[in-house]
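Let me begin by presenting the structure, written as structure tokens, before commenting on it.
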Amino acid sequence: MAEKNTINLLGKIEEQKKNDLIIFTTYTFDPIFFDAYLLKNLKKNNPGVDIIVLMDYKLFLGLEDSTAVTGKDYVLVPIKTRKVFHSKIFMFISESKKQIFLGSHNLTLSGLAQNLELCFSSDDNILFENCINYINSLLKKDHNLDPEHPVWKKIEKYVNGDVTEHRLLHNENEAILDQCLRKVSKQLNVIEEVIIFSPFFSETEKLIEKIMRLDPKKIKLCIQRKNHDLDPTTVSSFNNLSCYEVCNKRTLHSKFIAFRSSDKNLILIGSPNFTKPALLETS
């Protein structure tokens, strides 16, 4: 089962061919790794492709390593928010196919080849439209991409303003946890357990209290030794909550909240840690 659920994301990126547009969103970005290793293969396998990398503005200002092609052979856009830009969405787009990889992985060597990350692969049309609309919204709000840049035409031809169903949750206008719990409450009547994994925590008690409104029978909080900042005293008052240690030699960078019932399971995966800024606030 573990092998079936394993994605070699680095290999999947290298396999991508004949795409018209490739978009990466990332918190941290490693230009040396991207420029020297990934870019050559992407250009070779996708002739004429436009590549866009969106990253956090403050980390962009702090970039110390770069190459002669950093931000030149592709578009590198720093995204400003009141806090941090933390999304991780990889999109490979052509007229004939749309492939999305959404998860906890940054566009770095550690994110693609060293850490244990959680990644969701999909060619779902609604999710694609949600993602491309989100990217388009970010770029228009940020104004760091020249409005005359030719890549706009490639982006805008895929944008669909009529989409009403939302499978991508983001916090531009509403906190992610509120959206998540509302969706879960509509689909699950009785929640047998909630499983939470995150390397980083803040306002943990407040987050758990919100989840408790769904009246789950039990909550499992999973952490990796020496790879978390959870204060156990913040959750000791919850009777049906247990902490579990995840054992693995590699650094687990995954973030997820799973909601399990007798007949259906739902999972929130992506970039949000179990923190107040990620789950309880807007960007």
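The values are calculated or read from the model by the stated rules, or taken from the named source; none is laboratory data. All of these numbers come straight from a predicted model, not from anything done at the bench. Please note that ligands, DNA and RNA were not included when accessible areas were found on the heavy atoms of the full protein model with its side chains. Shrake-Rupley method; radii C 1.70, N 1.55, O 1.52, S 1.80 Å.
In whole angstrom, how far apart do the alpha carbon centroids of region 129-186 and region 1-73 sit? Value for the Cα centre distance between the two parts: 20 Å.
Rounded to the nearest whole angstrom, the semi-axes of the ellipsoid equivalent to region 1-58, taken from the Cα gyration tensor as √(5λ), stand at 21, 18, 11, largest first.
In terms of its alpha-carbon gyration tensor, region 111-254 comes out prolate; a/c meets the 1.5 threshold, and the first ratio a/b outweighs b/c.
Look at the alpha carbon pairs under 8 Å that are at least 6 residues apart: their mean separation over the length of the chain gives a relative contact order of 19 percent. Only protein heavy atoms count here; under a 1.4 Å probe, Thr67 has an accessible surface of about 50 Å².
Annotation: per residue accessible area for region 77-176 equals 47 Å², rounded to a whole number [probe 1.4 Å, protein chains only]. Partner lysines whose Cα lies under 17 Å from the Cα of Lys157, excluding those fewer than 8 positions away in the same chain, are identified as Lys97, Lys98, Lys140. Put simply, the Cα atoms of region 1-106 extend 38, 34, 24 Å along their principal axes, the longest span coming first. Working from Cα positions, state the angle (0 to 90°, nearest 10) between the long axis of helix 176-187 and the longest principal axis of the chain. Between helix and principal axis, roughly 60 degrees.
Sorting Thr164, Thr108 by accessible area puts them as Thr164, Thr108; the probe is 1.4 Å, largest comes first, and only protein heavy atoms count.
For region 34-114, the relative contact order comes to 25 percent (Cα pairs under 8 Å, sequence separation of at least 6). Between helix 125-142 and the chain, what is the angle of the helix's C-alpha long axis to the longest principal axis, kept within 0 to 90° and rounded to the nearest 10? Approximately 70 degrees, to the nearest ten. Expressed to the nearest 5 percent, the antiparallel share of DSSP beta bridges inside the chain is 50 percent.
The mean sequence separation of alpha-carbon pairs under 8 Å and at least six residues apart, normalised by the residue count of region 189-283, gives a relative contact order of 39 percent.
The share of Cα pairs per 5 Å bin across the chain, counted from zero up to the longest distance, runs 1, 5, 12, 16, 18, 17, 13, 9, 6, 3, 1, 0 percent. Accessible surface of region 47-197, 1.4 Å probe: 48 percent of it comes from carbon and sulfur atoms.
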